[in-house]
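> Below: one structure in structure tokens.
The values are calculated or read from the model by the stated rules, or taken from the named source; none is laboratory data. Bear in mind the structure is a predicted one, so any value in this text is a computation, not a measurement. Neighbour counts are summed over all protein chains in view; Cβ atoms, including those assigned to glycine, are modelled from backbone coordinates with ideal geometry.
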Amino acid sequence: MSRVVLVTGGNRGIGLAIAREFAAAGNTVVVTHRSGEPPEGLHGVTCDVTDSAAVDAAFSQVESEHGPVEVLVANAGVTKDGLLMRMPEEAFTDVLDANLTGAWRVTQRATRGMMKARFGRLIYISSVVGLTGAPGQVNYAASKAGLVGMARSVARELGGRGVTANVVAPGYVDTEMTAELSDKRREELMAAIPLGRTASPEEIAKAVAFLASDDAAYITGAVLPVDGGVGMGH
Ligand code: NDP
């Protein structure tokens, strides 16, 4: 069935792979982007998820151009790594604001239409690190763990309205985000992956597409790891 899908941060990396997966299946896909043009073949809307007014305006634009959002993929995310002792407060609050509060902003705005339609699919891109923790990532891990509590609360609040909320927890995926890692950290991470390789963004996209599909209608409040075995299902 063709749906209206919004992917935050869908202009590159994992978000772009997710957007392309939904588009290939015949859905109407809109990606948020903060600058420039949307990727070719996809609809775009400018939106910074740290700005409530921008989120509201982006949804209004999608609604007027394509109809209410039926599938929301909260994928936008940032890192500002550093050891706890040396982490400036804004490195913590900025990461929480983008990764967790940003997901909350888009969820609150999207669920208005979903409740009315008595249908909705909310999918949050967390991380294996949200459940295992990682040195140098107290901010990022806290934001990603927070998505699990948020998804499960939304799942309980809106289950009766036909809205499901699930989390995908990727492991190590080759994107610009992981290109920033030091060689030493990359070696450590690779050594901890039972499957012995990184994931492609497309492998994450397949899991997201499944959770949005009719086949996943009875799955809500779940965390689906796509991590090569790093978290062993958590
Ligand atoms: P990238 O750095 O390649 O892309 C991040 C995306 O998020 C970009 O589209 C970026 O937009 C967008 N974004 C960041 N901040 C904001 C904001 N304030 N408002 C709107 N959009 C924003 O990262 P990945 O593709 O690797 O990561 C995607 C998601 O997957 C993230 O949530 C990340 O935490 C998660 N993840 C990634 C893993 C990995 O190994 N790569 C592993 C586990 C989880 P712009 O282009 O404007 O900067």
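> Return yes or no: is Gly77 part of a loop (DSSP other than H, G, I, E, B), at pLDDT below 95, within 9 Å of the ligand (Cβ to nearest atom) and within 26 Å of Ala179 (Cα to Cα)?
Considered against the rule, which asks whether it is part of a loop (DSSP other than H, G, I, E, B), at pLDDT below 95, within 9 Å of the ligand (Cβ to nearest atom) and within 26 Å of Ala179 (Cα to Cα), Gly77 comes out as no.
> In addition: Among the residues of segment 132-186, write down those that are assigned to a helix (DSSP H, G or I), at pLDDT below 95 and either hydroxyl-bearing (Ser, Thr, Tyr) or within 21 Å of Thr101 (Cα to Cα) (or both).
Within segment 132-186, Met177, Thr178 meet the criteria.
> Quick one: which residue in Gly162, Gly133, Gly149, Gly196 is away from the ligand (no atom under 14 Å from the Cβ), without any contact (Cβ under 8 Å) to a residue 24 or more places away in the chain and out of contact with any Leu (no Cβ under 7 Å at 6 or more places or on another chain)?
Unique residue meeting the criteria: Gly149.
> Of (1) in contact (Cβ under 8 Å) with a residue 60 or more places away in the chain; (2) buried (at least 20 other Cβ atoms within 10 Å of the Cβ); (3) of a type outside the set (Val, Ile, Thr); (4) within 12 Å of the ligand (Cβ to nearest atom), Ala19 satisfies all except one. Which?
Of (1) in contact (Cβ under 8 Å) with a residue 60 or more places away in the chain; (2) buried (at least 20 other Cβ atoms within 10 Å of the Cβ); (3) of a type outside the set (Val, Ile, Thr); (4) within 12 Å of the ligand (Cβ to nearest atom), only one is false for Ala19: (1).
> Residue check: is Ala54 within 16 Å of the ligand (Cβ to nearest atom), free of Cβ contacts under 8 Å to residues at least 24 places away in the same chain and surrounded by 14 or more Cβ atoms within 10 Å (Cβ to Cβ)?
Answer is yes for this residue.
> Name the residues in segment 39-50 that are modelled with pLDDT of 95 or more and in contact with a helix residue (DSSP H, G or I) (Cβ under 9 Å, 6 or more places away or on another chain), would you?
If the condition is that a residue be modelled with pLDDT of 95 or more and in contact with a helix residue (DSSP H, G or I) (Cβ under 9 Å, 6 or more places away or on another chain), then Pro39, Leu42, His43, Val45, Thr46, Cys47, Asp48, Val49, Thr50 are the ones that fit.
> In this structure, is Glu90 in a loop (DSSP other than H, G, I, E, B), within 15 Å of the ligand (Cβ to nearest atom), loosely packed, with under 15 Cβ neighbours inside 10 Å and of a type in the set (Asp, Glu)?
Taking the combined requirement at face value, the residue does not satisfy it.
> Assuming His66 fulfils every condition listed in (1) crowded, with 16+ Cβ neighbours inside 10 Å; (2) without any contact (Cβ under 8 Å) to a residue 12 or more places away in the chain apart from one, which condition is it?
(2)
> Output the number of the condition that Thr32 fails; it satisfies all remaining conditions of (1) in a strand (DSSP E or B); (2) more than 8 Å from the ligand (Cβ to nearest atom).
(2)
> Give me a count of the residues in segment 115-130 that are away from the ligand (no atom under 14 Å from the Cβ) and buried (at least 24 other Cβ atoms within 10 Å of the Cβ).
Matching residues across segment 115-130 total 3.
> Please determine, by comparing only the residues of segment 200-234 that are without any contact (Cβ under 8 Å) to a residue 40 or more places away in the chain and within 16 Å of the chain's Cα centre (by Cα), which one is surrounded by the most Cβ atoms within 10 Å (Cβ to Cβ).
Ala207
> Moving on to the next point. Against the condition among the basic types (Lys, Arg) and more than 15 Å from the ligand (Cβ to nearest atom), how does Lys206 come out, does it pass?
Spelling it out, it is not the case that Lys206 is among the basic types (Lys, Arg) and more than 15 Å from the ligand (Cβ to nearest atom).
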